[in-house]
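Worksheet: the structure to be examined is printed underneath.
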Amino acid sequence: MARVVITGAGTINPLGADVPSTFAAMREGRCGIGPLDILDVERLAIQIGGQIKGYQETDHFNRQQIALYDRFTQFALLAARQAVGQSGLAFSGALADQSGVIFGTSGGGLTTQDENYRAVYEEGKNRVHPFIVPKLMNNAAASHVSMEWNLRGPTFTVATACASSNHAMGQAFNMIRCGMTKVMLTGGSEAMLCFGGIKAWEGLRVMSKDACRPFSATRNGMVQGEGAGVFVFEEYEHARARGADILCEVIGFAMTSDASDIVMPSKQGAARAIAGAVRDAGIPKDAVGYINAHGTGTAANDKTECAAVADVFGRHADKLMISSTKSMHGHLIGGTGAVELLACIMALRDGVIAPTVGYEEPDPECALDVVPNVARDADIDVALSNAFAFGGLNAVLALRKFA
Amino acid sequence: MTTDEKIIAIIAEQAMLEPGDVTPEASLADLGIDSLGLVECIFAIEESFDITVPFNANDPSESDFDISSVGAIIAAVKQLQADQAK
C-alpha cells in the first residue's frame, strides 16, 4: 500500500484567514466566538457563533464568480488556493487525471437557500436568479475547486453531518493508499450561520447562549461556526521525488455506525472508530500522544467521548492529551474535521497542543487531560482527530509526525 | 380543553398512550418518553400555549422549567402563562 502525506494546508475560519494566523490563535488560546452579525438575529434565541468577521466576498471574487459561489464554496476556494500554493503542485497531463477533490459539507449552499426562500416566501417574488441550483448544491465547492486547478480524477462531496470532513479525508487517504490516485484535495467547508441555519439548530435545544465549554462541568451546549479547511494529500513517493515539504503523514482511518439513535451518541460506536483508526495505522495504542476531540460542549457528547477514549486506551488515556478546539472556532459542522486537523498538524509539526478554552470546572465524567485554557508544548508522534455525527456516524483519522 | 387536559394530550400523543393513562405523578421516563420526545413535547407546549419554555437539553435538571413529572410540567406551564402574560 502506498504511503500518504500532507503537502499543503489552507483555511479560513473564525480564528484566521490562513494557516499561520489560525495556529497563532490556537497557541494563544484565542476565542473566535462572538455576537452574530446576520439578518434577523434579533429573532433568534441563540445570538452567538464562530463567524468569520470582516469577510467581504468582493475582496476575493468578481461579480460573475459571486453569482455562482455560495459562501461555503468561497471558503473552500480560498482554503484550496492556500493549500495548492503551499504544495507547489501544478496539475496537467497524467497528474491531473490522477488527482481529485473530496470535500465534506453538511448544509452546502444553505445561505443561498435561505436567501432565496426569503425572496419567494417572505418578499413574495416569483422569480429567482438562474444559478440558484448550481450555487446551492452540496458538490458546488468540490466542482469549482476541480475546475480551478484542473483536477480531473475522482471528485465528489460527502455529507455525513458533523463527520463529513473526516469521512471525506478518509476516502481521499484510502484512494491514494490503494493506488487509485496520486494527489487529492480534501477537507470540508460550511457556512450555516444564516437565520434559517441557526433557527433549525435552536429547535434541538442543544445550543449554548453564551460559550462553548467542552469537558467543563459548566458546559451548556454547542456553538456553531463557519469556514473551511483544505489539504493536499499526496502519495509519498510522488512528494519525495519532487522534494516537497511534508507537513505530516496520514497513517490510519476508521469509520463506524452506532446503528442506535439518530442524535444520542454511543460510547461503543465512538470507541470502535477510535480503536479502528489505531489498528488501521498499525501502531501501538500508547503511541498516541494527542487527540483532537469531537468535544462539542454538549452534555451528551463530551462524557460519551471521554468514556470511549478511556475504554480504548485504558491506563494510557490518563497520559495522552485531548482537547477541543471547538471552544475557539465553534462547531463548523460539515467543515469541522478539516479545521480541527490543523490542530493535529500543529501538534505534530510545531510541538504545540491547542488548548480547550473556556474551561471552568472539572467534570468527573470527563476526567482526562483536556489541556485546559492554555496551549502546551509537547513532543508527540501520533495524533488522532475524532468526529462523531448525528445519525451515529463516526470517523477518526490518525496522523504521524514526518521525520 | 383545560390547560391540564391539553398538556396531558400532548404528552399522551408523544408516549403513544391514551390520555387516561397519563397520571400527574408519572415522569416522562415512566411513560417511555426519551430526550427527543421531551424536546418535541416542549415544542408542542410552546406552540399550543404561545409561550417560550426555558429549556436546555444539556442540563434539563438545571433549567428553570421543572420536568420531573407530568404534574410538575403542568404547574410550570401555568406559571409561565402567568409570567409571560404580564
Legend entry - Residue-averaged [θ]222 nm for chain A, counting only DSSP H segments that reach four residues, each worth -39500 (n - 2.57): -10000 deg cm²/dmol
Inset, instruction - Excluding residues fewer than 8 places away in the same chain, name every one of the aspartates and glutamates whose C-alpha is closer than 13 Å to that of A:LYS53. - result: A:ASP37, A:GLU226
Legend entry - Difference of contour (0.36 nm per residue) and Cα-Cα distance, A:ALA94 to A:GLU123: 5.4 nm
Inset, instruction - Enter the per residue convex hull volume of chain B, computed from alpha-carbon coordinates, in Å³ rounded to the nearest integer. - result: 83 Å³
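At most 12 other Cβ atoms within 10 Å and a DSSP loop assignment: could you name the trypsin sites (Lys or Arg not before Pro) in the range A:5-70 that fit?
Numbers: sites: A:ARG27, A:ARG30, A:ARG43, A:LYS53, A:ARG63; in loops: A:ARG30, A:LYS53.
Filter output for the range A:5-70: A:LYS53.
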Legend entry - Partner lysines for A:LYS182 [C-alpha distance under 30 Å; skip if fewer than 8 residues away on the same chain]: A:LYS135, A:LYS285, A:LYS401
Legend entry - Label-point separation, A:ARG279 to A:ALA259 (7 Å along Cα→Cβ), nm: 1.5 nm
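Measure up A:LYS199/B:LYS78; A:LYS303/A:LYS326; A:LYS199/B:LYS6; A:LYS209/B:LYS6 against 18 Å on the Cα-Cα distance and list the ones that go over.
A:LYS199/B:LYS78; A:LYS199/B:LYS6; A:LYS209/B:LYS6
Can you give the FRET efficiency to the nearest 0.05 for A:ALA24 and A:MET1, using r as the Cβ-Cβ distance and R₀ = 45 Å? Please report the intermediate quantities before stating the final value.
Details: r = 36 Å, r/R0 = 0.80.
So, using R0 = 45 Å, E works out to roughly 0.80.
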Legend entry - Volume per residue that the Cα convex hull of the range A:4-241 spans, once the total is divided by residue count, Å³: 138 Å³
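I'd like the antiparallel share, as a percent to the nearest 5, of DSSP beta bridges with both residues in the range A:251-403.
65 percent
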Legend entry - Cα gyration tensor of chain A - equivalent ellipsoid semi-axes, whole Å, descending: 30, 27, 18
Legend entry - Highest-first arrangement of A:213-220, A:176-183, A:227-234, where packing means the average Cβ count within 10 Å: A:227-234, A:213-220, A:176-183
Legend entry - Rounded to the nearest 10 Å², the accessible area of A:TYR55 at probe 1.4 Å: 30 Å²
Inset, instruction - Using a 10 angstrom cutoff on alpha carbons, build the Gaussian network for chain A and name the most mobile of A:VAL357, A:VAL120, A:VAL339. - result: A:VAL120
Inset, instruction - Within 10 Å of each Cβ in peptide B:49-60, how many partner chain Cβ atoms are there on average? Round it to a whole number, please. - result: 4
Inset, instruction - Run the quick spin-label model on B:ASP64 and A:ARG63: label points 7 Å from Cα toward the beta carbon, then report their separation in nm to one decimal. - result: 5.1 nm
Legend entry - Value of D in µm² per second that Stokes-Einstein yields for the range A:17-107, Kirkwood Rh from Cα pairs, at 10 °C (1.306 mPa s): 97 µm²/s
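Please report, as a whole percent, how much of the solvent-accessible surface of chain A comes from carbon and sulfur atoms (probe radius 1.4 Å).
On the way: 7550 of 14720 Å².
Percent of accessible area from carbon and sulfur atoms in chain A: 51.
The values are calculated or read from the model by the stated rules, or taken from the named source; none is laboratory data. From a predicted model like this one, the values you see are computed outputs, not experimental measurements. Every residue, glycine as well, gets a Cβ built from its backbone with ideal geometry; the counts of neighbours run over all protein chains shown. When the accessible area is computed, the model is the full protein with side chains, heavy atoms only, and any ligands, DNA or RNA have been set aside. Shrake-Rupley method; radii C 1.70, N 1.55, O 1.52, S 1.80 Å.
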